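Colleague: Here it is, the structure, as structure tokens.
The values are calculated or read from the model by the stated rules, or taken from the named source; none is laboratory data. All values reported here derive from a predicted model rather than from experimental measurement. Here the Cβ positions follow ideal geometry from the backbone for every residue, glycine too, while neighbour counts run over all protein chains shown. Side chains included, ligands, DNA and RNA excluded: accessible areas come from the protein's heavy atoms. Shrake-Rupley method; radii C 1.70, N 1.55, O 1.52, S 1.80 Å.
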Amino acid sequence: FEQFKLHPYIGNGMFGTNYLYRADPNRIMVMHNTFMQTLFSFGILGGISLLVHYLQKYLIILKKITPYKMFFLVITLSGFVHGMLDSTYFMIAYMIVLCPLFAVIEKEDIDYYLEVKEE
């Protein structure tokens with residue numbers, strides 16, 4: 001918490017935990033909570049951005065439920081719950097799966113918006 005107080009608004013940087021724990025330079029250390037990692041690394045500004053990001057994705061999903069969106073909802077909610085115990089949102093393998101799904105969901109939302117606008 002003392003390190004967070006040094007840079008509360010912009011954080012200590014993505015690998016700031018390595019300096020905090022004096023870790024092996026060949027190993028990346030992270031906190032085992034996505035929100036704590038975000039607050040420490042990117043500060044209050046990053047924490048607010050992460051919450052806005054989550055809120056935006058869930059609002060897109062819930063606007064018009066489809067089978068794809070339900071599948072995506074299960075994946076993101078399980079990642080969200082798991083993120084309370086581990087920093088999943090910053091793991092490469094998780095994001096490789098999640099980013100294309102974000103694109104599909106947003107494209108589907110844009111198509112839906114254009115259909116509604118034409119009517």
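Colleague: Taking a spot 7 Å from the Cα of H53 along the direction of its beta carbon, which residues of the range 70-103 have an amide N less than 15 Å from it?
Modeller: Within reach of a label on H53, which here means backbone N under 15 Å from a point 7 Å along Cα→Cβ, the range 70-103 contributes 76-77, 79-81, 83-84, 87-103.
Colleague: Same structure, new question: Once the whole set of protein chains is in place, how much accessible area is left on H53, using a 1.4 Å probe, in Å² to the nearest 10?
Modeller: For H53, the solvent-accessible surface is approximately 50 Å².
Colleague: Give the ranking of L51, L73, L98, L85 by solvent-accessible surface, highest area first, calculated with a 1.4 Å probe.
Modeller: On the way: L51 100, L73 30, L98 0, L85 125 Å².
Putting L51, L73, L98, L85 in descending order of accessible area: L85, L51, L73, L98.
Colleague: Let me ask another. Take the Cβ-Cβ distance between I44 and L101 as r, set R0 to 22 Å, and report the resulting FRET efficiency rounded to the nearest 0.05.
Modeller: 0.20
Colleague: How do F42, F71 stack up against each other in accessible area, from largest to smallest, with a 1.4 angstrom probe?
Modeller: Details: F42 80, F71 125 Å².
Sorted by accessible area, descending: F71, F42.
Colleague: Please report the accessible area of L55 (heavy atoms, 1.4 Å probe, ligands and nucleic acids excluded) in Å², nearest 10.
Modeller: 100 Å²
Colleague: Additional query: Which order do D111, D86 take by accessible area at a 1.4 Å probe, largest first?
Modeller: Heavy-atom accessible area, descending, gives D111, D86.
Colleague: Sticking with the crude label model, points 7 Å out along Cα→Cβ, report the distance from K63 to A93 in nm, one decimal please.
Modeller: 3.3 nm
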